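FYI, it's all coordinate maths here, none of it is from the lab. Because the structure is a prediction, the values reported are computed rather than measured. So basically every Cβ, Gly included, is an ideal-geometry build from the backbone, and we count neighbours across all protein chains shown.
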Amino acid sequence: MFAFLFTLAQAIPTPPPPEPQEFVLPQEVRSLPGGLDQIPMFNSNSPELVQTEGILLSTFPAAGMDQPDAHLNFPFEGRFDLFAHHVYRAPSPEELTSLYLGVIVHNPGSQPVAVDVLQAATYLSQPDAPFIDLPAWVENPLGEVYAGPGSRAMSDILRGQRQEGFSPQVVIPAGGYEMLLNVPIPVETLDPPINGRSTLMRLRSNGRIHVASLALFAREDEAGNEQAPTLDEWRSLVQTGGLAGARDRPPTPLNQTEGQVIYGRVAGVAQGSIWEAQVADSSDALTLTIPAAGEAFSYGLSTLVAGRLGTDQVQTAPMLVRYPDTAYQAHGNYAIQYSLSLPLHNPTEQTQQVAIALQTPIKEDLLSQNGLRFFEPLPTQTFFRGTVRVRYTDDRGLPRTRYIHLVQRRGQQGEPLVMLEMPGGDRRLVQVDFLYPPDATPPQVLTVQTLEAEAPL
């Protein structure tokens, strides 16, 4: 009898999960105040999947180079950021040599130049930060919660850290070269043999320098052990090499308004490191009035061409120089920090419960239904993985700092980052900071909601 029931159970197919259904939350979506600073970012993200040796991004002068089209001639001096995000997949099960990512710096001047490494982090997908399933909302006070190398690296930089192994300063002699990074992307022990690495460095140079990110396969010593390429080998690649492949799909021109939009991957120098804003009722206001009970409003985050959520605002960092087959803008603002201050004010005489949440609505350019669209149940695609810092004064009057790791799927409302009980006339400053993580998909919103008062018993 039991065998018959077991066989019958096996014969009954498992019903498929229910299809995600859209619903709309009617509310205002506002443009985000403030704007990006002027700090340049060396942004190396194309090709994302690297399959050949070559130059990923070079800001060296083209003069005297064997392949001048591979060089963008952009000098850095003062503060700048360096972001690199690349993946390597072995071409066959027999070819499992590691691919090395190198970042070389050249000082063209007649005096030594010092580059201060203010903050830095670099992580592999395997084994440093695998893409594991995590709950949608997890406290992350020590930075030990992450899903993917981008999530982990952004969390470190948000905390102001310089990862062990990075020198606090690199000095480049007059006319000389030095390596800022020389690290492997190994695949030998992985099944499938694919791995990725995310890197972010905040740097300061006291003189003009040029920077290049490069890809070379590991060299072997006499015993057959892998070795990192030498400084001379990296220098030779800058001088003689062309762009690494395979190339990503070229982007859709920004003025094209019909058909599929291909954003492309970024390879160039973008303008902007931090988007800082006082989020208030207006540009000259000192407070942000909370919504009426039962209502909410949202501010766009990482809005982009064809994804402005009805705000007419493109937050994407502009490109100062780029390769012709790569993104026209730094779509997604990977590794850019959002630093937002919300001086909340409850103008009513009643105590109000206020929630602040980061959310991932369904992407739209113009709002088709006078509000934000979400899914229930949620689809499978993950659109955001990263840590958010929230600083505020709690309901007991004590200062609080919390780090919260979020995982959000497409169309996910998200749980509140903070809940406040604000008495009548109360003013409360809430500060929200995060670095937009690689492997996330924009746009998102920051939502302020006042909950409806509970009906008396």
For the chain, convex hull volume per residue from C-alpha positions, Å³: 213
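Fewest first, what order do 240, 303, 441, 59 take by the number of other Cβ atoms within 10 Å? Spell out each step's value before the answer.
On the way: 240 12, 303 27, 441 16, 59 23.
Ordered by Cβ neighbours within 10 Å, fewest first: 240, 441, 59, 303.
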205, 282 arranged by Cβ crowding within 10 Å, fewest neighbours leading: 282, 205
Stokes-Einstein D (µm²/s) once Rh is taken as the Kirkwood radius of region 333-384 over alpha-carbon pairs, at 20 °C in 1.002 mPa s: 141
Residue order, fewest to most surrounding Cβ atoms within 10 angstrom, among 117, 105: 117, 105
Computed magnitude of the charge dipole of the chain (debye, nearest 20; Cβ of K, R +1, Cβ of D, E -1): 620
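Compute for region 275-450: radius of gyration divided by Kirkwood radius, i.e. Rg/Rh, restricted to C-alpha atoms, rounded to two decimals. List each step's numbers first, then the result.
Details: Rg = 16.8 Å, Rh = 17.1 Å.
Using only Cα positions, Rg/Rh for region 275-450 is 0.98.
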